[in-house]
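To keep things clear, I will list the structure first and then write my remarks on it.
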Amino acid sequence: MKIQALPHDEVFATLLSGPQGITGEEAARRLEEYGPNEIREMHARSLGSRLAAQFTHFLALLLWFAASLCFLSEYLHPGEGLGRLGIAILAVIFINAFFTFIQEYRTEKAIEELRKLLPFRVTIVRDGAETEIDARNIVPGDLIALREGDKVPADGRVVQSSRLTVNNAPLTGESDSRVLSDAPSNVEMLESQNLAFAGTLVVSGSGRVVAYATGMATEFGKIAHITGRVVEEVSPLQVEIIHVTRVVAVIAVASGACFFALGAVFGRGFWDNFLFAIGIIIAMVPEGLLPTVTLSLAMGSRRMAHRNALVKNLNAVEALGSVDLICTDKTGTLTQNLMTVRDTWSPDDGMMACRVALFCNNALLSKEGLRGDPTETALYRYAMEKVNAAGERLDETPFDSERKRMSTLHRIDGRLLVLVKGAGESLLPLCSSLPREGGTVPLDDSTREELAVRLSDMAAGGLRVITLAFRELDAPPAGAIPEEGLIFAGFMGLEDPPRPEVQQALEQCRSAGIKVIMVTGDAGPTAAAIAREIGLITGAPCIIEGRECTAMPDEQLRAALEGDNLIFARMSPQNKMHIVSLLIEQGHRVAVTGDGVNDAPALRKAHVGIAMGLSGTSVAREAADIVLLDDNFASIVHAIEEGRTVFGNIRNFITYIFASNIPELVPYIGYILFGIPLPLTVMQILAVDLGTDMIPALALGSEKPSPEIMQRPPRPKRERLLTRGMLTRAYLFLGLFEALAGMSAYFYVMQGGGWSWPQTLAPTSILYLQATTACLAGIIATQVANVLTCRSPTISLTTLGFFSNPLVLLGVAAELALAGFIIYSPFGNAIFGCAPIGINVWLLLIPFALLLLAADEARKYFLRRAGG
């Protein structure tokens, strides 16, 4: 049944209703049958399940495993402090989980926000009388009264209209307001002029509609159903963290197994070897990686907020930096979302055209500003600056889709005038003359052709052209406003102008290897004109409209997606999501921008969904990962730059954190294989991993983007976060320097205190406490050099500048302050099993730090030289 094609009496008959509405008894029965008029949540995740997910991702599972090994080792061999390490690891898991959960708490509320778009109280007709009820109690067949400013509570068929004008932009993406009529129509539902849809806004006028769909049966409900079924893509960073975790787990378990076998070769017992293997595995797990990644992403999100991009999903910070394709909306993102008169033409001075634009207009000027249809407000805004006159409206023939024009009868300065505005194809045939030298001249065929060409040229430039005409009457007409014999007054061309910074932003996208495709609900020619003006397309546009997209085979659509100068127009929510799905299948990392309810499924499906904060609906904002606070495409480019920087910074601090695993591992190997007193205790390992390493690692996450970062293409999809080169540099280069420094300081103190191998020492002896403290100091001293060199894997520190990242210097100062607390305060000594060491130990360690710095600078030099 096409409800839009039925006349009034059949509409009422089909819905078992009438001009008096339905009875209260019948309404109660239908409410029981159809259910409340509300949007139900589809596949909603509870708060508990979302919190549980923070404890079960791959890196958290690795830490659970490490904590379990700590408790097992403490049970089998108590007194070595592994139980406390296990508790500390659990604390890291819980703190990180709650921190991330709080950050992402509001990311899954798209369906709940749909409810908020529906009005709470609406006026309906029941039992022949108007009454106000809760919107959730509306049922099919209810007769709903709509007035200016109302939100439509359910999908309804118009049965009475007095210039009832609605804006369907939240649903369709089209920026135009639409005047509704009660005449039957045979077009598709979303294009029909006699249907009002739930959640849309009444811009002006009034009318009555019969509800034919409520709740999940409305067009809003259908989109909610689609959005609820969308399977979100795993972010690139999540994929890479899983990979890093697997690599670390394999390395840790393989190392434990190897040293278990090595211990057997040396004749050690099974349980000694088992505990030894557990210790190796624990030492190889970077306990500080999880909180450092989380806090680094949070810092990145704060920096992006300063550039007008509010991050709701932390993983989206890096994901945006990896995108190679952006599907962007037009209105409000590429343009200013402010309809403006851009061009005019008139055969005279244009004052009469301005009078028509000003008075044949339903825009309202109030204390809150100018209200009404965007086209009419643009005309009013332009004309009121040109015309200083007062007029009295006597009559009106409203605009409708068939006539494509609006007429008013006004008395202005004592003259009785008919003012008409509308589409050129409707209005020009009604014009018989045009003004010329204080009078009028007839319109001949050649002049009509010239006007038609001028109209066509303005429209070809992407303008929405309004034709203006008038005539003067001697006396008020007895019937309808006469629209024949009009005098042509002029053309006014309107457009939503592009944002001034968009063109430069698109150039940056090209330089960065990012393809941009316009996907809009507006008409193809208008979209193509804007795209050409901002430089999005350079040749003939390839415009694919929604219906064509629906009928096109996937193979053909995939081929089109690889082409240039592509524009998608008049797109439905299903069309948008299908395009995004195909792009993801083709291997692209996709970001999608949107502001309407119709964009929500595509926003959810994309790797990164970007919603408009100013013009966007609540549904779009809740479905997205990032919200633009200024609705500006240029802010997306700034956020991409930040995202790329975050990925590089994560690599830098992973190298830094992994390097400390080797100096934690080597003392344990010496203890097990050679019988020396354990050079680094478990609590001192904890002091490094969750103490002295953390603040400098976070400072590495704040490095500024390099000047050429947006001149490089997006990183290849197969490029890993953790590479062999990074592992080699961390484990076999930087880590060995740190281990050499720590063990050298340990033996320096031990031998200076009279120790000789294989002498044993009591864990509480001052010599042993000082020696382990010296080993810890060696790691800290070389980590100071390490944090400086890890600021970039290839750029020299002299090029970067020692003071270009003040947070690194603050991180080093904090690291040294924490080291001073651990080494020289009685409280720190008691917690971490340390004892104060002399200045001679620090003087021994300084050359090791300088040696590490010089060696890595030499490595960078040869690497740059080899790379040309």
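Per-residue answers, yes or no, for (1) in contact with a Gly (Cβ under 8 Å, 6 or more places away or on another chain); (2) open to solvent by 60 Å² or more (accessible area, probe 1.4 Å):
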site: 758; (1), (2): yes, yes
site: 763; (1), (2): yes, yes
site: 767; (1), (2): yes, no
site: 821; (1), (2): yes, yes
site: 825; (1), (2): no, no
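If you take the residues of the stretch 406-437 that are open to solvent by 40 Å² or more (accessible area, probe 1.4 Å) and among the basic types (Lys, Arg), which of them is farthest from residue 495 (Cα to Cα)? Steps first, answer last, please.
Of all residues in the stretch 406-437, those open to solvent by 40 Å² or more (accessible area, probe 1.4 Å) come to 411, 413-415, 425, 429-430, 432, 436-437.
Next cut, among the basic types (Lys, Arg) only: 411, 415, 436.
On the way: 411: 30, 415: 32, 436: 29 Å.
It comes out as 415.
Suppose we keep only residues that are open to solvent by 70 Å² or more (accessible area, probe 1.4 Å) and hydrophobic (A, V, I, L, M, F, W, C) within the stretch 58-92. Which one would you say is modelled with the lowest pLDDT?
58
Hey, any hits in the stretch 300-309 for a residue that's surrounded by fewer than 18 Cβ atoms within 10 Å (Cβ to Cβ) and among the hydroxyl-bearing types (Ser, Thr, Tyr)?
Among the residues of the stretch 300-309, not one is surrounded by fewer than 18 Cβ atoms within 10 Å (Cβ to Cβ) and among the hydroxyl-bearing types (Ser, Thr, Tyr), which makes the answer no.
Output yes when any residue across the stretch 170-191 is closer than 17 Å to residue 570 by Cβ, buried (at least 24 other Cβ atoms within 10 Å of the Cβ) and of a type in the set (Gly, Ala, Ser), and no when none is.
yes
What is the number of the single condition among (1) open to solvent by 30 Å² or more (accessible area, probe 1.4 Å); (2) closer than 30 Å to residue 701 by Cα; (3) aliphatic (A, V, I, L, M) that residue 844 does not meet?
All conditions pass for residue 844, except number (2).
Can you find even one residue in the stretch 666-681 that is within 26 Å of residue 295 (Cα to Cα) and touching a Leu at 6+ places or on another chain (Cβ under 7 Å)?
Checked against the condition, which is being within 26 Å of residue 295 (Cα to Cα) and touching a Leu at 6+ places or on another chain (Cβ under 7 Å), the stretch 666-681 yields no hits at all.
Output the number of the condition that residue 199 fails; it satisfies all remaining conditions of (1) more than 21 Å from the chain's Cα centre (by Cα); (2) of a type in the set (Gly, Ala, Ser); (3) at pLDDT 75 or above; (4) in a helix (DSSP H, G or I).
(4)
Contact list please: Cβ distance under 6 Å, first residue in the stretch 148-167 and touching a residue at least 12 places away in the same chain (Cβ under 8 Å), second residue basic (Lys, Arg), pairs at least six apart or on different chains.
159/208; 160/208; 166/178
Quick check: is even one residue across the stretch 505-526 touching a Gly at 6+ places or on another chain (Cβ under 7 Å) and of a type in the set (Gly, Ala, Ser)?
Yes, the conditions are met somewhere in the stretch 505-526.
Could you run through the stretch 25-50 and say how many residues are surrounded by fewer than 15 Cβ atoms within 10 Å (Cβ to Cβ), at pLDDT 90 or above and either of a type in the set (Gly, Ala, Ser) or on the phi > 0 side of the Ramachandran plot (or both)?
Residues meeting the conditions: 1.
For the stretch 402-430, how many residues meet the condition of being among the hydroxyl-bearing types (Ser, Thr, Tyr) and out of contact with any Ser or Thr (no Cβ under 7 Å at 6 or more places or on another chain)?
Within the stretch 402-430, the subset among the hydroxyl-bearing types (Ser, Thr, Tyr) is 407-408, 426.
With the extra rule that they be out of contact with any Ser or Thr (no Cβ under 7 Å at 6 or more places or on another chain), the set shrinks to 408, 426.
The number of residues fulfilling the criteria is 2.
Please pick out the residue among 466, 514, 481, 537 that is without any contact (Cβ under 8 Å) to a residue 40 or more places away in the chain and of a type in the set (A, V, I, L, M, F, W, C). Spell out the reasoning first.
On the way: 466 fails: without any contact (Cβ under 8 Å) to a residue 40 or more places away in the chain; 514 fails: without any contact (Cβ under 8 Å) to a residue 40 or more places away in the chain; 481 fails: without any contact (Cβ under 8 Å) to a residue 40 or more places away in the chain.
Every option except 537 fails the conditions.
Only one of these conditions is not met by residue 571: (1) open to solvent by 20 Å² or more (accessible area, probe 1.4 Å); (2) within 25 Å of residue 509 (Cα to Cα); (3) of a type outside the set (D, E, K, R). Which number is it?
That leaves (1) as the condition not met.
Scan the stretch 351-365 and give yes if some residue there is modelled with pLDDT of 80 or more, farther than 30 Å from residue 490 by Cα and open to solvent by less than 30 Å² (accessible area, probe 1.4 Å), otherwise no.
Looking through the stretch 351-365, none of the residues is modelled with pLDDT of 80 or more, farther than 30 Å from residue 490 by Cα and open to solvent by less than 30 Å² (accessible area, probe 1.4 Å).
Can you pull out every residue in the stretch 727-780 that is in a loop (DSSP other than H, G, I, E, B), under 22 Å from residue 683 (Cβ atoms) and of a type outside the set (Ser, Thr, Tyr)?
753, 755, 761, 762, 763
Inside the stretch 462-578, counting only strands (runs of 3 or more DSSP E) that do not spill past its ends, which hold 3 or more residues that are of a type outside the set (Val, Ile, Thr), under 27 Å from residue 631 (Cβ atoms) and out of contact with any His (no Cβ under 8 Å at 6 or more places or on another chain)?
Those strands (runs of 3 or more DSSP E) span 486-495, 566-569.
Only one of these conditions is not met by residue 734: (1) free of Cβ contacts under 8 Å to residues at least 40 places away in the same chain; (2) closer than 26 Å to residue 250 by Cβ. Which number is it?
Among (1) free of Cβ contacts under 8 Å to residues at least 40 places away in the same chain; (2) closer than 26 Å to residue 250 by Cβ, residue 734 violates only (1).
The values are calculated or read from the model by the stated rules, or taken from the named source; none is laboratory data. Note that this is a predicted model, so its numbers are computed, not measured. As a convention, Cβ positions derive from the backbone with ideal geometry for all residues, glycine included, and neighbour counts pool all protein chains shown. Note: areas computed on protein heavy atoms with side chains; ligands, DNA, RNA excluded. Shrake-Rupley method; radii C 1.70, N 1.55, O 1.52, S 1.80 Å.
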